[in-house]
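First the structure, in the form of structure tokens, and then the observations on it.
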Amino acid sequence: MSHHPDLTTSVIKALGWLYLILFAMNAAWTFRSYSRKADVRITGVWGIITALLGMFAIAHITGGSDPERFLIRMPEFVKSFIDLGADPVTYFCGSTLVFIAMIVLRKWWTQPTVAWIMLNLSILFLALSMTDYDFRQIVGKPDNVPIVSMLFIVGFFTWLFFRRAVDNDERIAAGKPLYEVDNGGQEKVLVWPDLVYTELICMVVLSAVLIAWGVALQAPLEEPAAASRTPNPSKAPWYFLGLQEMLVYYDPWMAGVVLPTVILGGLMALPYIDFNKKGNGYFTFNERKFAICTFMFGFLPLWISLIILGTFLRGPNWNFFGIYEPWDAHKLQVLNNVNLSEYFWLDWMTTLRIFEPGLPIAPAGADFGTQVWAIVTREGFGILLVVGYLFALPPVMATTIFRGMFMRMGFLRYMVFSNLVLFMACLPIKMVLRWAFNLKYIVAIPEWFFNI
Amino acid sequence: MSVGDYIRDSQIWKSIFRHPAPVDRRNRVVVMLTNFFLHLHPVSVKQQGIALSYTWCMGGITFFLFLVETVTGVLLMFYYRPTLEWAYNDILALRDVTTLGIMREIHRWAAHAMVITVWLHMYRVFLTGSYKPPREFNWVVGVLLLVLTLLLSFTGYLLPWDQLAIWAITVGSNMARATPFLGHEGPGAQILNIGGFDLITNATDARFLLLGGRFVGETTLNRFYILHCVAIPLVVAGLIAIHFWRVRKDGGISQPL
Ligand code: HEM
């Protein structure tokens, strides 16, 4: 238990401002509903919500004389429930499920009202969570503020995309002109004033935001550098935390060198392997389903959400912590991961008896060739799997699931493409193997720094 | 005659601004062609090319943030000395003493923001399919800009020389140690030896090249400072020029065919 108070007067006051913003947002929404002559009952409900939020705001701004007894806070049972499910498996599977739901339910959640309710709920969740000391410690760090806003901004633009894409897909299906064509998008306008003024306004607003942000939050400066005192956890800059998270599953040469290279190479190759001519210059989902799903899977669950994971949920010793859990450096996590070669030679061979069980080792002082042979036999099964994955799967996929693509792409494009897909898949695959079988390495040759 | 008119009528004003503020169509065209800053733009564009819901304005915002970084960065350079003796203290002084110390805050927050906006820009370009012919190459230029933006941010991270800085850079640059063949703990490095003499050691590998030493120290600070303030910004500025040039030469912002 932390002896720090969850609530203090200044926190309550600050939250008051957040509720005030929420109040203003919903007041505008109620007005919108009213001016669009929506059902009176609906407008009424929004009115009541707005009033409630207003009361919340007043309670916070005026209250706080005795923070210990302040009532509006995240209930303990919710906190312990959320912390209970806090582990990488739930997190990653959860974000993948949300990702799938986002695509499948795109017609539903892009309705403005649904999106508005989701926005309200997530801000409310954030505000309530802020009443927790440990949550505040990590989310309230000045360096982490942009990451929280990034979550909302990425969410907003993803929403905007799906909204426009759903609309366009319906237009295409009905044989009507695209949104981009229908709304005067193809008319020519003069750059002065239309664009120049937009730019000017944009620059003024952004400058104001940056100055306000700079006044409000002080840039972090910790103790002077000391090579002898390693902080725990030591984290890379936030935009590389997705890569640091991969280190849990792969060795540095994969997570830090090969995979980033493949990501960048893949991005550069993208325009040359996507042969689909459709969907250039307008938003659409149905016309380029595969491309969009793949790219989004890489960007949302594998990049953005791993950054969130690395920033907010990884604590000392890179252990996983729930959002309300104190970062305890002594939290114990049992790690008894097993190599595939150990499974193969110790477990399976004991049962199957095809080969003599026991890891093959070269006798001490054996010559170089014998040593190499011992290593290769020891890891033979894993090597076979990896080679098969990289070299046998592409032709197999070319004749099965990617058949149509192979025909249209041609050999070279297809090989580049299939390898990129396989490399992208290798992270989730390793994650699942780790969680399901405690698998450490598929190929483990520490002698050569070659572990996969 | 008002003061404004008097100023606008003066020889000095007219010598700077080659054109009066344009009010009619002809002059609005001419101003775009005769002004150095505006001539980056075409004279007229399709409505869609400037619609915020289409471009999300993210490329433009990224560019603006790059300019903000340049200006605040130059101001910071007046105060900051990249040596073990001074680096930390100079940052401390920026926080506590220097009048325009807020430059550091703006520089840092704008850097974080730029990383986010460059991702969103890429996201938008992908989602509108704008990387498709004829814009493939500009996408590639964009990917290079993305990498360089991250590297700019990464090299800048070290400069305050506090615990946050050196350990983040240590964690990040430890990866280089594992580069296949080129890092001394990377697969294949052992093969590179001549007569029992290792070519790749912790004093010759990729990490050493990056850090200028076996660990993050003063030489690293110097290297990162020069990369951060001179080398990378120059390359980025050049690539941005090519990027903008190509946006126009490839037919402006993408349109439905
Ligand atoms: C420092 C980084 C960058 C800057 C300053 C920048 C700036 C811009 C600007 C101002 C535009 C005009 C349209 C718009 O604002 O959306 C643009 C277009 C474009 N950018 Fe970037 N960009 C950067 C990075 C990137 C990246 C990372 C990519 C992709 C990987 C990219 C690919 C493109 C493409 C293909 C276009 C043409 C879009 C179209 O025709 O619709 N750029 N860029």
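The values are calculated or read from the model by the stated rules, or taken from the named source; none is laboratory data. Note that this is a predicted model, so its numbers are computed, not measured. For neighbour counting, all protein chains shown are included, and Cβ atoms are generated from backbone atoms with ideal geometry for every residue, glycine included. SASA here: full protein model, heavy atoms, side chains in, ligands and nucleic acids out. Shrake-Rupley method; radii C 1.70, N 1.55, O 1.52, S 1.80 Å.
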Some residue of the stretch B:216-239 being away from the ligand (no atom under 16 Å from the Cβ), without any contact (Cβ under 8 Å) to a residue 60 or more places away in the chain, touching a helix residue (DSSP H, G or I) at 6+ places or on another chain (Cβ under 9 Å) and aromatic (Phe, Trp, Tyr): no
Residue pairs, Cβ under 8 Å, 6 or more apart or interchain, first in the stretch B:130-155 and closer than 26 Å to B:Gly252 by Cβ and within 7 Å of chain A (Cβ to nearest Cβ), second in a loop (DSSP other than H, G, I, E, B) and among the basic types (Lys, Arg). List them. B:Lys132/A:Lys277
What single numbered condition from (1) assigned to a helix (DSSP H, G or I); (2) within 9 Å of the ligand (Cβ to nearest atom) fails to hold for B:Ser130? (1)
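When the stretch B:66-92 is examined, which residues are found to be without any contact (Cβ under 8 Å) to a residue 12 or more places away in the chain and under 17 Å from B:Ala113 (Cβ atoms)? Show your work before the answer.
Narrowing the stretch B:66-92 to residues without any contact (Cβ under 8 Å) to a residue 12 or more places away in the chain: B:67, B:71, B:74, B:78, B:81, B:85-86, B:89-90, B:92.
Those that are without any contact (Cβ under 8 Å) to a residue 12 or more places away in the chain and under 17 Å from B:Ala113 (Cβ atoms): B:Leu67, B:Val71.
State whether one or more residues within the stretch B:73-94 are of a type outside the set (Asp, Glu) and within 16 Å of the ligand (Cβ to nearest atom).
Yes; the residues of the stretch B:73-94 include at least one that is of a type outside the set (Asp, Glu) and within 16 Å of the ligand (Cβ to nearest atom).
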Considering only the stretch A:208-248, state which residues are of a type outside the set (A, V, I, L, M, F, W, C), more than 8 Å from chain B (Cβ to nearest Cβ) and not in a helix (DSSP H, G or I). A:Ser228, A:Asn232, A:Pro233
Can you tell me which of (1) away from the ligand (no atom under 16 Å from the Cβ); (2) at pLDDT 95 or above; (3) open to solvent by less than 50 Å² (accessible area, probe 1.4 Å) is the one B:Gly188 doesn't meet? (2)
From A:Val181, A:Val205, grab the single residue that is among the β-branched types (Val, Ile, Thr), in a helix (DSSP H, G or I), at the interface with chain B (Cβ under 7 Å from one of its Cβ atoms) and out of contact with any helix residue (DSSP H, G or I) (no Cβ under 6 Å at 6 or more places or on another chain). A:Val181
Determine which member of the set A:Thr50, A:Thr30 is part of a helix (DSSP H, G or I) and either without any contact (Cβ under 8 Å) to a residue 24 or more places away in the chain or not β-branched (Val, Ile, Thr) (or both). A:Thr30
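For the stretch B:98-118, which residues satisfy the criterion of being open to solvent by less than 10 Å² (accessible area, probe 1.4 Å) and more than 8 Å from chain A (Cβ to nearest Cβ)?
Taking the stretch B:98-118 and keeping what is open to solvent by less than 10 Å² (accessible area, probe 1.4 Å), we get B:101, B:109-110, B:112, B:115.
Passing the criteria: only B:Gly101.
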Whichever residue in the stretch A:274-302 is closer than 18 Å to B:Val143 by Cα, touching a residue at least 40 places away in the same chain (Cβ under 8 Å) and surrounded by fewer than 19 Cβ atoms within 10 Å (Cβ to Cβ) and, among such residues, is nearest to the chain's Cα centre (by Cα): A:Gly298
Do you know which of the residues in the stretch A:249-295 that are in a loop (DSSP other than H, G, I, E, B) and touching a Gly at 6+ places or on another chain (Cβ under 7 Å) is nearest to A:Val166 (Cα to Cα)? A:Gly279
Does B:Gly251 satisfy being within 16 Å of the ligand (Cβ to nearest atom), within 11 Å of another protein chain (Cβ to nearest Cβ) and open to solvent by 40 Å² or more (accessible area, probe 1.4 Å)? yes
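Tell me, yes or no, whether the stretch B:4-17 has at least one residue that is within 13 Å of chain A (Cβ to nearest Cβ) and open to solvent by 50 Å² or more (accessible area, probe 1.4 Å). Full working, then the answer.
Step one: filter the stretch B:4-17 for residues within 13 Å of chain A (Cβ to nearest Cβ), giving none.
No, the stretch B:4-17 contains no residue that is within 13 Å of chain A (Cβ to nearest Cβ) and open to solvent by 50 Å² or more (accessible area, probe 1.4 Å).
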